[in-house]
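Participant: Dumping the structure here so I can ask a few things about it.
The values are calculated or read from the model by the stated rules, or taken from the named source; none is laboratory data. Please read these numbers as outputs of a predicted model, since none were measured by experiment. No Cβ is skipped: glycine too gets one built from the backbone with ideal geometry, and neighbour counts run over all protein chains shown.
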Amino acid sequence: QKKTHQLLSSPFPVESIETRTVGRGIQFKRLKDVFHKTVETNEQHIVLLAGEAGIGKSRLLSEFDRWLGLLPRDLDVLIGFGHPSTTNQPYSIIRDLISSRFGINGSDSSSEIREKLESGVRRAVSGKTDWQSAFQHIGKLLGFEIGENPGSQKQTRNTKSFYNQALVYLEKFFKNLTLEAPLVILLEDLHWTDDSSLKLITHINTHLTDYPILIAATTRPSFFSQYPADWLKD
């Protein structure tokens with residue numbers, strides 16, 4: 001079962017620590033404790049680092065990322081960033097997560113992006129999944145320039161059936177990552193995240209509760225006035 005922890009006092013039904021300055025020992029220890037709990041229980045946990053700008057949320061998340069890199073075990077760490085310029089760009093933070101996993105950079109050419117995404121999806125969605133279909137759905141939904149597969153039927157991401165199928169493939173992608181190692185998703189500035197990304201994150205949260213996934217996100221208190229406490233539910 002998914003569990004949510006918030007490192008700031010609030011009226012919402014989550015574990016909380018009241019603090020004006022984030023990044024000191026007690027908050028860092030709580031973050032590490034939740035990570036260990038995620039690994040031990042094989043259950044999803046969510047940590048919200050909430051507070052006004054300038055109190056050290058980003059520093060804490062960065063220190064946590066460095067700490068994860070020093071652990072003597074395999075981990076998958078995906079990183080996504082919210083930004084005012086991407087608030088109206090659909091799935092921008094999800095695209096960041098996929099890009100960080102497959103080493104896709106802003107300087108890559110269209111052919112390099114296609115090659116990295118195609119190779120990554122092929123490895124990630126194993127089993128009986130049609131990886132070419134998964135590649136097309138994930139790539140198009142997230143706005144990657146991948147073109148059409150020769151001989152394939154042209155599809156659009158604006159249809160309900162296309163979106164639902166893309167969700168199936170994304171669920172498969174995240175599930176398969178956890179079969180190899182615990183998954184940590186770091187989301188910076190959640191309050192700048194576009195609505196489509198939040199909807200997709202919510203769906204993934206709700207459908208992958210029994211997998212070792214830790215989602216740690218920074219946000220400002222204003223996020224909760226725009227998105228109530230039940231934003232993590234379908």
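Participant: Take I138 and tell me if it is assigned to a loop (DSSP other than H, G, I, E, B), modelled with pLDDT of 90 or more and within 29 Å of S58 (Cα to Cα). Please lay out each step first, then the result.
Facilitator: Values: assigned to a loop (DSSP other than H, G, I, E, B): no; modelled with pLDDT of 90 or more: yes; within 29 Å of S58 (Cα to Cα): yes.
No.
Participant: So in the range 42-81, with the set limited to residues that are without any contact (Cβ under 8 Å) to a residue 40 or more places away in the chain and of a type outside the set (A, V, I, L, M), which one is farthest from I213 (Cα to Cα)?
Facilitator: G54
Participant: Across the range 128-146, what is the number of residues that are closer than 24 Å to H203 by Cβ and free of Cβ contacts under 8 Å to residues at least 40 places away in the same chain?
Facilitator: Residues meeting the conditions: 12.
Participant: Moving to a separate point now. So I146 ticks every box in (1) at pLDDT 85 or above; (2) farther than 18 Å from V77 by Cα; (3) touching a Lys or Arg at 6+ places or on another chain (Cβ under 7 Å); (4) aliphatic (A, V, I, L, M) but one. Which box is left unticked?
Facilitator: In the conditions (1) at pLDDT 85 or above; (2) farther than 18 Å from V77 by Cα; (3) touching a Lys or Arg at 6+ places or on another chain (Cβ under 7 Å); (4) aliphatic (A, V, I, L, M), I146 misses (1) alone.
Participant: Going by what's in this entry, would S161 be described as at pLDDT 85 or above and surrounded by fewer than 18 Cβ atoms within 10 Å (Cβ to Cβ)?
Facilitator: Values: at pLDDT 85 or above: yes; surrounded by fewer than 18 Cβ atoms within 10 Å (Cβ to Cβ): yes.
Taking the combined requirement at face value, the residue satisfies it.
Participant: If the Cβ limit is 8 Å and pairs must be 6+ apart or interchain, which residue in the range 149-168 that is farther than 16 Å from Y91 by Cα pairs with which residue that is modelled with pLDDT of 55 or more and of a type in the set (D, E)?
Facilitator: Here the result reads K154/E148, each pair linking the range 149-168 to a residue that is modelled with pLDDT of 55 or more and of a type in the set (D, E).
Participant: Okay, next question. Could you list, in sequence order, all residues of the range 173-218 that are of a type outside the set (S, T, Y), within 10 Å of the chain's Cα centre (by Cα) and either more than 30 Å from A53 (Cα to Cα) or in a helix (DSSP H, G or I) (or both)?
Facilitator: Scanning the range 173-218 gives F174, L198, L200, I201, I204, N205.
Participant: Right, here's the next one. Where residues in the range 82-120 are in contact with a helix residue (DSSP H, G or I) (Cβ under 6 Å, 6 or more places away or on another chain) and among the hydrophobic types (A, V, I, L, M, F, W, C), which of them is farthest from Q132 (Cα to Cα)?
Facilitator: For the range 82-120, the residue satisfying everything is I93.
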